[in-house]
Amino acid sequence: MIRLENVTKHFPGQDHPAVNNLNMLIPEGEICVLVGPSGCGKTTTMKMINRLIEPTEGKIYIKGQDTATIDAIKLRLDIGYVIQEIGLFPHLTIAENIATVPREKGWPRDLINQRVDELLTLVGLEPEKYRHRKPADLSGGQRQRVGVARAMAADPPILLMDEPFGAVDPITRARLQNEFLEIQAQMRKTIIFVTHDIDEAIKMGDKIAIMRDGKLVQYAPPGELLSSPADEFVGRLLGPNRTIKRLNLIAVREALRSDLLPAVPSHLSSEEARLLLKGSKFNVLAVVDRRNSLTGFVRGEQLKNSSVVPVSEIAEPSPNVIEAEATLNEALSLMLGCGSQFVAVVSKKGEYKGVVTLGSLLELVKEDVKEDVA
Amino acid sequence: MELWHFISERWPTILSLTGEHVLLVLVAMVVAIILGVVLGVAVTYWEPGARAVLYLCQILMTVPSMAMFGILLPLLGIGYKTGVAALILYALLPVVRNTYTGIRAIDPAVLEAAKGMGLGEWSILRRIKLPLIIPVVMAGIRTATVMIVGIAAIAAFIGAGGLGELIFRGISRYNRQMILAGAIFISALAICFDLILKQLEYRYGIRS
Amino acid sequence: MWRKLNRLRTVLVPVILLAAGVSATVYFVENATPMAARLLVYPNVLRVLGQHLLLVLVSSLLAIAAAVPLGIIISRPAFRPVAPVIEGIVNIGQTVPSLAVLALFMTLFGLGFQTAVFALWLYSLLPILRNTYAGMKSIGPEIIEAARGMGMKAHRILSRIELPLAFPIIMAGIRTAVVINVGTATLASFIGAGGLGDFIVTGISLRRTELIYTGAALSALLAIFFDDLLARLEKYV
């Protein structure tokens, strides 16, 4: 847990403080995103945590201990640090780069080697292939991965990340974000993440701190931020399509309806299936096998026209299937893409769970829309 | 032919003069490298000092070598000491300048990352800055070495020994072979140093 | 303020150098020990200084006159095959120590002023030639292409585009050459061509410090003066 208490930073020669009387509590194991326009003080705030910048006033506590009382070098060795430019050491190999902090801490050699391989695997780089390469031999995305691995090398409980995915193309960025979220789900580090990109903030943050002119404007989880922005500035920062952005935060699982589209076991005949059709809102049935895995769909017309056969023979596969862990935004895109009123939802193992419909989506976001209109 | 005859006849003398010459250059270079790198690193922490030191080195370089020997001679006396001291002063500028600009040219992100990760200034210097500037400093060392091989020839006049003796003796005796031999061996020495150091520079070069 | 200070520097540096030279000379001449006093008199100082300047100026001007056109010629496309060869020769030539060059030409042309001028000329040719060639090559082909596209004739491109753009680099070469010449000219004494080296050499053999210091101070100040002057030209033209 990190606590900022009345933290102010006044740079010499500047009229206004870069950070103005900031109070914040960053819970353990969460990603806290600092976001705002350039010059709002977000990077300064972050750098005060590892004392690259010393606060003019106020105190910062890590696990209850005042950081000003800890030796700056010692403090930093226990805080991972990733910056946009990455700053990999060009004369060292990837392994040596990652080993920097463990070596500084005096870990035994074989433990370091083991840790390097572990981290390379974690960030999706094969150790055998990349261990002995130099940073110049890597692509931008790979360098970012090494940057993250290097920051986590000594397993610090806290990570500071300053626009860590800012220097790569949008597709790579999205992939790195997803991978990082997966890593974080296992690691549960306390992360301070600086970005100017509100979409990245919404995607990555457990909590988002919106800053402006050195002050904290709003500090809330992304859902709350989107549903009730504190003022006009936050509203503008979030942009006009807040509703759609909110869909990014809700898992399909939460809007799941199991009653709208019944499943039929694949060995049933088309005649028996026809009886179940009444229970379906869309004149379609899901076909599942013995393990309840979705194998396809049958439409009402198919059942009417066909002779008596097992439904498995007339079932057709369909693209509008989504995993329960996906976001509603992805579900919506899929619906729009397929021109369909619904998407079928399956578990990670492929078991059929039910559907998400356009109607249920509208229901969910209706509250926001009302507010927007008002 | 005459030249060949001269060289083969005086081979032991030439060899020992070459040894003296090489030693003179190496001693001066070792001192200049240590002094120059320390000075170059030190002034990166103190900008006004950097200007003064670089300006001073620049002036030292323009001073004619005969003048430099002349100025140092009354202080250090005839012989080896004056020779080495003058050579050190000449070799200083390329080493100091390249050390300083090399460190200044390091990507600030690299240094920020190092600092943010918790490396102390000494660790950053030893593990990041110095290894990174090796190629640039090597280039400075090469320039300096080639230059002082030539200046060391003049040092023979103040009794520092080396291949310059062949030239001075050749001039006073009006012996063309002796002058030619001196000129050829000094030039060859300069070219050898140049090639060897170029090779080293290349080996320590970092793909960026 | 800053600009004013800079302009002041343009005048100040030569004035300081001149003052230092004059006061050093006066000091050493007035305090000369009996053994040096015979040599260390004002007419003698002026004579060797004049010889030194003459050596430097004549050889440098001739070197500029020869090396700049030559550098331009070998930068033309027609000379592309020979340019690397000439560059290689220049590079090796520059590793030959100045003392060796002087001594070599002495064995060919004998002692004297003309031999020294020739040796200085040949030696200072190299940096100017190299920089002229490098300066011409540093101009992006797209600039020449654009000039040609606008209908400029070849000689106009050379005088209006290429030479002005290459000027700072050529100037840097001239600066290097002149400073080297001031230094090498002190060695001319060994082959009987006079110059400030006379004082240093004689001073060393007679062990007369004031004689050494007069020669050393004047030649050093002369080198710094030319270096400063040409550095200024490099920037302001």
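Quick look at the values:
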{"item": "When residues of segment B:158-177 are limited to those that are more than 7 Å from chain C (Cβ to nearest Cβ) and buried (at least 24 other Cβ atoms within 10 Å of the Cβ), the one farthest from B:L17 (Cα to Cα)", "result": "B:A160"}
{"item": "Residue that is farthest from C:R130 (Cα to Cα), among those in segment C:74-91 that are of a type in the set (A, V, I, L, M, F, W, C) and surrounded by fewer than 16 Cβ atoms within 10 Å (Cβ to Cβ)", "result": "C:A78"}
{"item": "Residue count, segment A:79-134 (criterion: part of a loop (DSSP other than H, G, I, E, B), in contact with a Lys or Arg (Cβ under 7 Å, 6 or more places away or on another chain) and more than 8 Å from chain B (Cβ to nearest Cβ))", "result": "4"}
{"item": "Flag if A:I94 is touching a residue at least 12 places away in the same chain (Cβ under 8 Å), buried (at least 18 other Cβ atoms within 10 Å of the Cβ) and on the phi < 0 side of the Ramachandran plot", "result": "yes"}
{"item": "Residue within segment B:119-134 that is closer than 14 Å to A:L52 by Cα, facing another protein chain (nearest Cβ under 7 Å) and over 27 Å from the mean Cα position of the chain (by Cα) present", "result": "yes"}
{"item": "Answer residue from segment A:76-85, given it is within 20 Å of the chain's Cα centre (by Cα) and surrounded by 22 or more Cβ atoms within 10 Å (Cβ to Cβ) and is farthest from A:Y61 (Cα to Cα) among those", "result": "A:I83"}
{"item": "Options C:G173, C:G194, C:G203, C:G183; residue that is within 14 Å of chain B (Cβ to nearest Cβ), touching a residue at least 40 places away in the same chain (Cβ under 8 Å), under 24 Å from the mean Cα position of the chain (by Cα) and part of a helix (DSSP H, G or I)", "result": "C:G183"}
{"item": "Helices (runs of 4 or more DSSP H) contained in segment A:261-374 and holding at least 2 residues out of contact with any strand residue (DSSP E or B) (no Cβ under 7 Å at 6 or more places or on another chain), surrounded by 12 or more Cβ atoms within 10 Å (Cβ to Cβ) and among the hydrophobic types (A, V, I, L, M, F, W, C)", "result": "A:328-338, A:358-373"}
{"item": "Residue count for segment B:59-107, restricted to those that are at the interface with chain C (Cβ under 10 Å from one of its Cβ atoms) and either modelled with pLDDT of 90 or more or out of contact with any Asp or Glu (no Cβ under 7 Å at 6 or more places or on another chain) (or both)", "result": "17"}
{"item": "Total residues in segment A:231-253, condition without any contact (Cβ under 8 Å) to a residue 40 or more places away in the chain and farther than 20 Å from A:V194 by Cα", "result": "4"}
{"item": "Selection status of B:I196, closer than 19 Å to B:A32 by Cβ, assigned to a helix (DSSP H, G or I) and free of Cβ contacts under 8 Å to residues at least 12 places away in the same chain", "result": "yes"}
{"item": "Residue list for segment B:170-181, filter: in contact (Cβ under 8 Å) with a residue 60 or more places away in the chain and either under 27 Å from the mean Cα position of the chain (by Cα) or assigned to a loop (DSSP other than H, G, I, E, B) (or both)", "result": "B:M178, B:L180, B:A181"}
{"item": "Among (1) within 14 Å of chain A (Cβ to nearest Cβ); (2) exposed (fewer than 14 other Cβ atoms within 10 Å of the Cβ), the one test that B:G116 misses", "result": "(2)"}
{"item": "Subset of segment A:67-78 (residues that are more than 10 Å from every other protein chain (Cβ to nearest Cβ) and not in a helix (DSSP H, G or I))", "result": "A:I70"}
{"item": "Matching residues in segment C:126-150 - criterion: being among the hydrophobic types (A, V, I, L, M, F, W, C) and assigned to a helix (DSSP H, G or I)", "result": "C:L126, C:I128, C:L129, C:A134, C:M136, C:I143, C:I144, C:A146, C:A147"}
{"item": "Condition check for B:E20: away from chain C (no Cβ under 14 Å) and in contact (Cβ under 8 Å) with a residue 24 or more places away in the chain", "result": "yes"}
{"item": "Which numbered condition B:M29 fails, given (1) under 15 Å from B:M178 (Cβ atoms); (2) touching a Ser or Thr at 6+ places or on another chain (Cβ under 7 Å)", "result": "(1)"}
{"item": "Matching residues, segment A:186-244, being surrounded by fewer than 20 Cβ atoms within 10 Å (Cβ to Cβ), among the acidic types (D, E) and closer than 21 Å to A:R173 by Cβ", "result": "A:D197, A:D199, A:D206"}
{"item": "Among residues of segment C:95-125, those that are within 13 Å of chain B (Cβ to nearest Cβ) and either touching an Asp or Glu at 6+ places or on another chain (Cβ under 6 Å) or crowded, with 17+ Cβ neighbours inside 10 Å (or both), counted", "result": "18"}
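Rundown of residues vs (1) free of Cβ contacts under 8 Å to residues at least 24 places away in the same chain; (2) away from every other protein chain (no Cβ under 14 Å), yes/no style:
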| residue | (1), (2) |
| --- | --- |
| C:S138 | no, yes |
| C:R156 | yes, yes |
| C:R160 | yes, yes |
| C:A188 | no, no |
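Let's see how each residue does on (1) within 14 Å of chain B (Cβ to nearest Cβ); (2) farther than 19 Å from A:I191 by Cα; (3) in contact with an Asp or Glu (Cβ under 8 Å, 6 or more places away or on another chain); (4) crowded, with 22+ Cβ neighbours inside 10 Å:
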{"residue": "A:I26", "(1), (2), (3), (4)": "no, no, no, yes"}
{"residue": "A:G36", "(1), (2), (3), (4)": "no, no, no, yes"}
{"residue": "A:K42", "(1), (2), (3), (4)": "no, no, no, yes"}
{"residue": "A:R51", "(1), (2), (3), (4)": "yes, no, no, no"}
{"residue": "A:Y61", "(1), (2), (3), (4)": "no, no, yes, no"}
{"residue": "A:Q65", "(1), (2), (3), (4)": "no, no, no, no"}
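Here's the yes/no breakdown for (1) of a type in the set (D, E, K, R); (2) in a helix (DSSP H, G or I); (3) closer than 30 Å to B:W11 by Cβ:
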| position | (1), (2), (3) |
| --- | --- |
| B:L119 | no, no, no |
| B:M138 | no, yes, no |
| B:I141 | no, yes, no |
| B:F157 | no, yes, yes |
| B:S187 | no, yes, yes |
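Here is a yes/no grid of residues against (1) more than 27 Å from A:N20 (Cβ to Cβ); (2) modelled with pLDDT under 85:
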site: A:V234; (1), (2): no, no
site: A:L237; (1), (2): no, no
site: A:P240; (1), (2): yes, yes
site: A:A255; (1), (2): yes, yes
site: A:V287; (1), (2): yes, no
site: A:T295; (1), (2): yes, no
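The values are calculated or read from the model by the stated rules, or taken from the named source; none is laboratory data. These numbers were taken from a predicted model, which means no experiment stands behind them. We place every Cβ from the backbone using ideal geometry, glycine too, and count neighbours over all the protein chains shown.
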